[in-house]
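Working notes, structure below.
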Amino acid sequence: MQLPREVIVGNGTIEYAAEISRRLGFAKSALIVAGSKTFDIAGKTVKELLEKDGLEVNTFLVESATVKDVEAVEEKIRALKPQAVFGVGGGTKIDVAKLSSARQEIPFISVPTAASHDGIVSPLSSVKGLGKPYSVMAQAPIAIIADTNIIMQAPWRFAVSGCSDIIAKFTAVKDWKLAHEEKGEYIGGYAASLALMSATLVMKNANLIKPKNEEGLRVLLEALISCGVSMSIAGSSRPCSGSEHLFSHALDMIKPNCALHGEQCGVGTIMMAYLHRANWRRIRDTLKMIGAPTTARELNVENEDVVKALEMAATMRPERYTILNELNLTREACKRLAKTTEVI
Ligand SMILES: [Zn+2]
């Protein structure tokens with residue numbers, strides 16, 4: 001079990017970057033991995049703070065999250081031998097920083113500039129070119145510095161997407177329990193409860209999730225962190241990624257870059273909750289309330305794309321047993337599911 005040692009969430013927490021670095025024993029050198037925009041938003045500040053504290057700081061800018069980007073950062077790490085890597089960004093930059101530092105066996109500190117999915121705190125990375133549509137094990141961040149003042153400045157849509165990725169744990173945990181009952185798969189009760197608690201917390205506090213409401217953002221960040229910890233405890237994404245994520249991965253293949261990861265998972269959760277005979281209407285209504293997409297149109301895809309994604313979902317990760325394997329839906333049944341839940 002790999003868990004973060006320092007987690008600070010709040011207004012202006014970026015100011016603690018140097019102090020945390022020193023406390024963790026990184027007083028000599030660091031490498032900052034960021035995008036050009038996120039470097040301006042937060043990377044620069046981290047760099048200045050660390051340099052003021054006497055660290056030698058290098059920066060590496062990436063604009064995408066491919067295997068090539070990861071390898072480029074790895075090369076930089078081998079050349080510079082920094083004590084730690086700071087990943088500063090909304091998702092892709094953190095994914096690259098996390099995987100490259102893990103492969104080079106040096107610690108990683110996460111400095112999210114947006115809260116659009118749980119990858120900002122999880123031990124997994126989603127990188128293109130690995131031949132897998134889903135995320136792979138990397139390492140847990142040794143520290144997380146989540147400055148609400150910075151995250152609040154990101155487009156509101158990102159936070160809504162983050163909430164949808166949390167609500168998705170509702171069906172992810174149901175799928176995990178099903179795999180345990182049907183296939184005897186190992187289930188960690190504590191990890192499952194932690195993920196489920198995050199989903200419940202966001203659902204309960206949905207009224208706080210609105211632009212410029214710091215309290216709502218804190219609920220979201222704490223939920224994201226709990227989900228990251230649940231994956232660290234489970235040693236896989238199992239507690240946080242089930243059939244609703246498989247639907248999102250399939251949609252990524254059919255129509256890439258139409259909607260955000262969390263938005264797609266949210267719509268998937270509505271349909272998978274129906275299959276699990278759970279209260280899918282409550283999930284849909286909560287998503288609607290926070291302003292998240294609940295239909296194909298709102299995801300910017302055609303009705304046919306949703307049906308196709310439902311058909312394909314179970315093949316995305318054959319080893320991950322979910323309600324989709326249990327029911328083995330026909331094309332007609334997929335269509336009916338999307339229609340009944342008013343996604344199409
Ligand atoms: Zn997710």
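Residues are listed down the side, and each one gets a yes or a no for (1) within 16 Å of the ligand (Cβ to nearest atom); (2) modelled with pLDDT under 95:
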site	(1), (2)
D147	no, no
R157	yes, no
S164	yes, no
K174	yes, no
E182	no, no
S198	yes, no
I209	no, yes
A223	yes, no
C227	yes, no
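Only one of these is at pLDDT below 95 and away from the ligand (no atom under 16 Å from the Cβ): E63, E71. Name it.
After ruling out the rest, the residue left standing is E63.
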Which condition number in (1) farther than 16 Å from D165 by Cβ; (2) of a type outside the set (S, T, N, Q); (3) in a helix (DSSP H, G or I) is the one that V219 fails? (1)
Select from the stretch 246-292 the residues that are within 15 Å of the ligand (Cβ to nearest atom) and outside any helix (DSSP H, G or I) and write down the one among them that is most open to solvent (accessible area, probe 1.4 Å). L260
For residues that are of a type in the set (D, E, K, R) and either open to solvent by less than 30 Å² (accessible area, probe 1.4 Å) or away from the ligand (no atom under 15 Å from the Cβ) (or both), tally how many sit in the stretch 117-142. 2
If you go through E214, E181, the only one that is among the charged types (D, E, K, R), surrounded by fewer than 17 Cβ atoms within 10 Å (Cβ to Cβ) and free of Cβ contacts under 8 Å to residues at least 12 places away in the same chain is E181
Of the conditions (1) touching a helix residue (DSSP H, G or I) at 6+ places or on another chain (Cβ under 7 Å); (2) closer than 18 Å to S126 by Cα, the single one that M197 does not satisfy is (2)
What is the residue count in the stretch 222-245 for residues that are in a helix (DSSP H, G or I) and in contact with an Asp or Glu (Cβ under 7 Å, 6 or more places away or on another chain)? 5
Looking at (1) over 25 Å from V160 (Cα atoms); (2) outside any loop (DSSP other than H, G, I, E, B); (3) without any contact (Cβ under 8 Å) to a residue 24 or more places away in the chain, which one does E319 not meet, given that it meets all the others? (2)
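Residue by residue, here is whether (1) part of a strand (DSSP E or B); (2) open to solvent by less than 30 Å² (accessible area, probe 1.4 Å) holds:
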site	(1), (2)
V9	yes, no
Y16	no, no
E19	no, no
R22	no, no
A27	no, no
I32	yes, yes
K37	no, no
I41	no, no
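The values are calculated or read from the model by the stated rules, or taken from the named source; none is laboratory data. This one's a predicted model, so the numbers in the text were calculated from it and none came from an experiment. When we count neighbours, we look across all protein chains shown, and the Cβ atoms used for this are built from the backbone with ideal geometry, even at glycine. Ligands, DNA and RNA are stripped out before the accessible areas are found, and what is left, the full protein with its side chains, is counted by its heavy atoms. Shrake-Rupley method; radii C 1.70, N 1.55, O 1.52, S 1.80 Å.
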